[in-house]
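What follows is a short report on a single structure.
The values are calculated or read from the model by the stated rules, or taken from the named source; none is laboratory data. These numbers come from a predicted model, not from an experiment. Counting neighbours? That spans all protein chains shown, and the Cβs are built from the backbone with ideal geometry, glycine included. In case anyone asks, the SASA skips ligands and DNA or RNA and just uses the protein heavy atoms, side chains included. Shrake-Rupley method; radii C 1.70, N 1.55, O 1.52, S 1.80 Å.
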Amino acid sequence: MNNASFFQRFAAWLIDRVILSILYFLGSLAVGVVSAVYTSSRIDIPNLLLSVGVGVFMLVSILGDFLYFGYFWSRRERSIGMGIMNIRVVKTDGHPLSFIIAGLRGSVGYYVSGLCFGLGYIWFFVDKQHATWHDKIFNTVVST
């Protein structure tokens, strides 16, 4: 197995982020339309309810990442971005990821690697196996 380059991984991540951003934008647009309908209907919406709705929408984005990466990495070993860059993610023993592990790696794992100014991603350049923190945490490798 050949490890994927940083450029391949970054480009795949960027493509996936664009896809997910478009999906989240469409979702927020739908929420905006519903809010506009309620506003124009002059139905009083309590601020607490509106705040809860915003919080739920934030959780939906984490759930969206979980479902997107969980599905693609467990079924195809690659997301859409990884498919375009011709790379794949598997366990270090070569086996495919389970849906739960794939989803956690793509949601929680990515966020953990982004903590502390992206040090978890920069770790790629320090590690001999070119592994990021989310690779280390979930025992995965990204290969060509």
Once the dipole of the chain is set up from charges on Cβ (+1 Lys and Arg, -1 Asp and Glu), the residue from the list A36, M85, W73 lying farthest towards its positive end is M85
Taking a probe of 1.4 Å and leaving out DNA, RNA and ligands, the chain shows per residue an accessible area in Å² of 61
Within the chain, excluding any trypsin sites (Lys or Arg not before Pro) found in a DSSP loop (not H, G, I, E or B) and having at most 14 other Cβ atoms within 10 Å, the longest uninterrupted segment runs 77-127
Dipole check, the chain, charges on Cβ (K,R +1; D,E -1), about Cα centroid: among Y110, V60, V126 the Cα furthest to the positive pole belongs to V126
With M82 itself left out, Lys, Arg at +1 and Asp, Glu at -1 over residues whose Cβ is under 10 Å from its Cβ give +2
The chain, Gaussian network, Cα under 10 Å: of L14, L104, L29, the residue fluctuating most is L29
Of the candidate values (i) 18.1, 61; (ii) 25.6, 77; (iii) 14.5, 41, the one computed for Rg and Dmax of the Cα atoms in Å from this structure is (i)
Percent relative contact order for segment 1-135, counting Cα pairs under 8 Å at least six residues apart, stands at 25
Share of accessible surface on carbon and sulfur in segment 78-144, whole %, 1.4 Å probe and ligands ignored, is 70
Once normalised by the length of segment 86-134, the mean sequence separation of its alpha carbon contacts under 8 Å that are 6 or more apart gives a contact order in percent of 25
